[in-house]
Amino acid sequence: MSKKGSREMPEMNTSSLPDLIFTILFFFMMVTTMREVTLKVKFVIPQGTELTKLEKKSAVSFIYIGPPTDQLRAQYGSGTRIQLNDRFAEPSEVMDFIYQERQSMSDQTAQVVSIKADRNTPMGKITDVKEVLRKSWALKINYSATTRN
Amino acid sequence: MGKKKKKVPGLNTSSTADISFMLLIFFLITTSMDTDKGLERRLPKPPENEDVKQEMKIKERNVMEVRLNSQGQVWVKDGGSSEFLNNVAELRNRAKEFVKNEQNLPHFPEKHAKFIEGLGQCFVTDKHVISVQTAPDTPYWIYFYVQNELVAAYNELRDDLSKQKFGGREYSALSDEQKVAVRAYYPQNISEAEPKKYN
């Protein structure tokens, strides 16, 4: 009740703010993964119910199949393309890609190839890729999909 | 010189928050949070001699043929009858019936006695094959849908078996040895033959 002197608000103590932000930072570093490639094809992956999680991220190689993105369509047309790393490739180049990826893996028998293909891709393209995968002994594959309810 | 100030001034840390904010934003931009899920499959081993096409001899009653044409229609042949499916969702039950062959029907896969560790003597249909054939212009999603339904059929059969034999537990809750036993009872035999053209 006594009115004594200053009416100034006490300053808020912000010394723990950095710790707080660091905590959020570490949270995001844990739950996210580095984005590996810039996508040059666009795809809507199919939906399924019997899906399993890709477990060892370090042993996974990705193959993207779909039509080129809107920016690249003028240059490359709208036919189905295969993307390996950062460039378009032919099915025959998949073998080299698989060997390269395998070289950089610690556990080479655990290699999994994740196929991220657009819903409307003709099966011929996918069969071509699968044949090459078979020949290069990359037998564990995973058709990427989202969960359907 | 004679001043007696020994106190070191405190480091100004007010900008640490800004620095860590910048790190945070950097990580938010460069990373993605999508958890990758997918349908796991195993491809068959490559043929040892490419010139010699291995012809597997399988009795007709052991084969269920599933063909997908370019219009996305599903054609099934099992037990001597063949037809286009009006509703693709039927496929799961067709496959379950085919693999299970509960009544030991003569046109469904043959059953024979097999000793399985953990289950004892069983009558199993492990010689059956579900063969999926696609045309070159079959859309991927219908192929994926069919694969998903077939895997679902196997998963449901395995769940039923493990519930019945291992005290109401689902397949995923079993121990590793029990899983091996259930897998031996219902092996996944989905073959993907070379794509064929047909009308």
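Return yes when B:Lys114 is of a type in the set (D, E, K, R) and crowded, with 17+ Cβ neighbours inside 10 Å and no when it is not. Criteria not met by B:Lys114.
Name the residues in region B:123-168 that are among the charged types (D, E, K, R), in contact with a helix residue (DSSP H, G or I) (Cβ under 6 Å, 6 or more places away or on another chain) and away from chain A (no Cβ under 14 Å), would you?
Of everything in region B:123-168, just one residue is among the charged types (D, E, K, R), in contact with a helix residue (DSSP H, G or I) (Cβ under 6 Å, 6 or more places away or on another chain) and away from chain A (no Cβ under 14 Å), namely B:Lys127.
Being loosely packed, with under 13 Cβ neighbours inside 10 Å and in contact (Cβ under 8 Å) with a residue 60 or more places away in the chain is not true of B:Glu192.
Within region B:169-180, if we keep just the residues that are of a type in the set (S, T, N, Q) and surrounded by fewer than 18 Cβ atoms within 10 Å (Cβ to Cβ), the residue that is farthest from the other protein chains (Cβ to nearest Cβ) turns out to be B:Ser175.
Residues in region B:90-108 include none that are among the polar types (S, T, N, Q) and in a strand (DSSP E or B).
Name the residue, out of B:Ile130, B:Ile142, that is part of a helix (DSSP H, G or I), in contact with a strand residue (DSSP E or B) (Cβ under 8 Å, 6 or more places away or on another chain) and either closer than 22 Å to A:Asn142 by Cα or among the polar types (S, T, N, Q) (or both). Answer to the selection: B:Ile142.
Here, each number is a calculation from the coordinates, and none is a lab measurement. Note that the structure is predicted; figures quoted are calculated from it, not measured. So basically every Cβ, Gly included, is an ideal-geometry build from the backbone, and we count neighbours across all protein chains shown.
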